[in-house]
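Engineer: Input: one structure, supplied below.
The values are calculated or read from the model by the stated rules, or taken from the named source; none is laboratory data. What you see is a predicted model; the values in this text were computed from it and never measured. Here the Cβ is made from the backbone with ideal geometry for all residues, glycine too, and neighbour counts use every protein chain on show. For accessibility, only protein heavy atoms count, side chains too; no ligands or nucleic acids. Shrake-Rupley method; radii C 1.70, N 1.55, O 1.52, S 1.80 Å.
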Amino acid sequence: CEQNPILALNLNTNFLSGLTYLLDKLSLSNCHLIQISTPAVYGNHLKVNNRAWLESDITKPLSVYASTKLAAELITLSYRGPSTVIRSDLYGINSLSEKSLMWWIINNAHQGKRMEGWENILFNPISTAHLSKIVRFIIENEITGLYNIGCVNECNKYDFVAAVCEAIGVLPDLERTELVDDSLRPYNTITDCSKFFSIKDLGLTWQKDLERYMEVMPSFPHNPSNDSI
């Protein structure tokens with residue numbers, strides 16, 4: 001997104017604008033529109049670094065990625081039909097791509113590559129499996145509006161990488177580090193999900209969610225170089 005901001009704008013924002021236009025043009029504005037956004041829209045301006053973000057907090061995106069996702073939120077919420085925006089840090093294996101965080105961890109661990117675990121980057125991640133159940137609940141119960149959605153507790157990136165490696169039974173070459181002088185990445189994307197959980201408590205700890213996800217995880221990306229993993 002940072003290297004090609006026009007493409008980022010087209011994929012994250014303009015596509016959604018075109019979609020809502022077509023839904024209205026074709027008299028399909030009764031369709032429930034759901035956008036998966038990101039807690040990165042909040043930015044880095046919290047005075048207390050480990051306080052969870054509320055939906056009502058001011059947004060100050062740092063990156064092209066976060067800015068285009070925030071613009072898409074406004075499009076979604078102005079849609080004539082039912083709409084929902086979900087701010088979430090999600091993870092999972094994409095069997096068609098090697099660009100996911102989960103695959104990066106698993107691949108590096110199996111190959112014995114050194115990984116840096118950032119202890120000062122905090123989030124409350126949620127698996128794609130768990131989030132998909134929540135999306136289904138939102139559709140079936142016609143829940144609209146803006147919601148933070150994640151697991152009920154938080155961790156840092158070091159703890160998350162270590163937990164993934166433990167789940168696959170590999171002792172990683174993992175170094176405890178801190179991310180410094182990064183102008184694009186918020187240090188805290190922990191979200192307060194009480195607004196959504198007041199409607200339906202579908203919460204899990206990130207540890208339990210990860211454990212369940214690893215049991216039903218999709219196949220690894222197909223690549224001949226992965227056959228030994």
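Engineer: Quick one: would you say Ile93 is assigned to a loop (DSSP other than H, G, I, E, B), of a type in the set (A, V, I, L, M), modelled with pLDDT under 95 and open to solvent by less than 30 Å² (accessible area, probe 1.4 Å)?
Structural biologist: Taking the combined requirement at face value, the residue satisfies it.
Engineer: Does any residue of region 68-85 turn out to be more than 30 Å from Ser198 (Cα to Cα) and not aromatic (Phe, Trp, Tyr)?
Structural biologist: Within region 68-85, not a single residue is more than 30 Å from Ser198 (Cα to Cα) and not aromatic (Phe, Trp, Tyr).
Engineer: Checking the condition within 30 Å of Leu19 (Cβ to Cβ), modelled with pLDDT of 95 or more and touching a helix residue (DSSP H, G or I) at 6+ places or on another chain (Cβ under 6 Å), which residue from Arg136, Arg87 passes?
Structural biologist: The conditions single out Arg87.
Engineer: Looking at Lys69, Lys47, Lys60, Lys99, can you tell me which residue is farther than 24 Å from Asp201 by Cα, outside any loop (DSSP other than H, G, I, E, B) and of a type in the set (Lys, Arg)?
Structural biologist: Testing whether each residue is farther than 24 Å from Asp201 by Cα, outside any loop (DSSP other than H, G, I, E, B) and of a type in the set (Lys, Arg) leaves just Lys69.
Conditions (1) touching a residue at least 24 places away in the same chain (Cβ under 8 Å); (2) of a type in the set (Asp, Glu), marked per residue:
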position: Leu46; (1), (2): yes, no
position: Ala71; (1), (2): yes, no
position: Thr76; (1), (2): yes, no
position: Ser83; (1), (2): yes, no
position: Glu98; (1), (2): yes, yes
position: Leu101; (1), (2): no, no
position: Asn107; (1), (2): yes, no
position: His110; (1), (2): yes, no
position: Trp118; (1), (2): yes, no
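Engineer: Then there's this: State which residue is least open to solvent (accessible area, probe 1.4 Å) when the search covers only region 174-183 and only residues that are out of contact with any strand residue (DSSP E or B) (no Cβ under 7 Å at 6 or more places or on another chain) and either in a helix (DSSP H, G or I) or under 17 Å from Gly43 (Cβ atoms) (or both).
Structural biologist: Among them, the one singled out is Asp182.
Engineer: Please go through (1) of a type outside the set (Phe, Trp, Tyr); (2) modelled with pLDDT under 95; (3) surrounded by fewer than 18 Cβ atoms within 10 Å (Cβ to Cβ); (4) within 21 Å of Lys69 (Cβ to Cβ) for Pro186 and return the number of the only condition it doesn't satisfy.
Structural biologist: (3)
Engineer: Could we say that Glu116 is among the acidic types (Asp, Glu), touching a Ser or Thr at 6+ places or on another chain (Cβ under 6 Å), open to solvent by 10 Å² or more (accessible area, probe 1.4 Å) and not in a loop (DSSP other than H, G, I, E, B) here? So that I can check it myself, show each step before the final result.
Structural biologist: Working: among the acidic types (Asp, Glu): yes; touching a Ser or Thr at 6+ places or on another chain (Cβ under 6 Å): yes; open to solvent by 10 Å² or more (accessible area, probe 1.4 Å): yes; not in a loop (DSSP other than H, G, I, E, B): yes.
Yes: the conditions hold for Glu116.
Engineer: A follow-up question, please. I'm checking my understanding of the structure. Among residues of region 124-172 that are among the basic types (Lys, Arg) and in contact (Cβ under 8 Å) with a residue 12 or more places away in the chain, which one is most open to solvent (accessible area, probe 1.4 Å)?
Structural biologist: Per the criteria, the residue is Lys133.
Engineer: Could you grab me the full set of residues in region 72-90 that are open to solvent by less than 20 Å² (accessible area, probe 1.4 Å), in a loop (DSSP other than H, G, I, E, B) and not hydroxyl-bearing (Ser, Thr, Tyr)?
Structural biologist: Correct list: Gly81 only.
Engineer: Here's another thing I want to ask about it. Could you figure out which of (1) touching a Ser or Thr at 6+ places or on another chain (Cβ under 6 Å); (2) under 23 Å from Ala66 (Cα atoms); (3) not hydroxyl-bearing (Ser, Thr, Tyr) isn't true of Lys157?
Structural biologist: That leaves (1) as the condition not met.
Engineer: Would you be able to say whether some residue in region 120-128 is in a loop (DSSP other than H, G, I, E, B), of a type outside the set (Val, Ile, Thr) and modelled with pLDDT under 95? Spell out the reasoning first.
Structural biologist: Applying the first criterion (in a loop (DSSP other than H, G, I, E, B)) to region 120-128 yields 120-121, 124-125.
Cutting the leftovers down to of a type outside the set (Val, Ile, Thr) gives us 120, 124-125.
Now narrow it down to the ones that are modelled with pLDDT under 95: 120.
For region 120-128, residues in a loop (DSSP other than H, G, I, E, B), of a type outside the set (Val, Ile, Thr) and modelled with pLDDT under 95: present.
Engineer: Can you find, within region 20-44, the residue that is nearest to Pro82 (Cα to Cα) among those that are of a type outside the set (A, V, I, L, M, F, W, C), open to solvent by less than 60 Å² (accessible area, probe 1.4 Å) and in a helix (DSSP H, G or I)?
Structural biologist: Checking each candidate, the answer is Thr20.
Engineer: Those residues that are within 30 Å of His32 (Cβ to Cβ), among the small types (Gly, Ala, Ser) and touching a strand residue (DSSP E or B) at 6+ places or on another chain (Cβ under 9 Å), I need them from region 123-173; list them, please.
Structural biologist: Result: Ser127, Gly145, Gly150.
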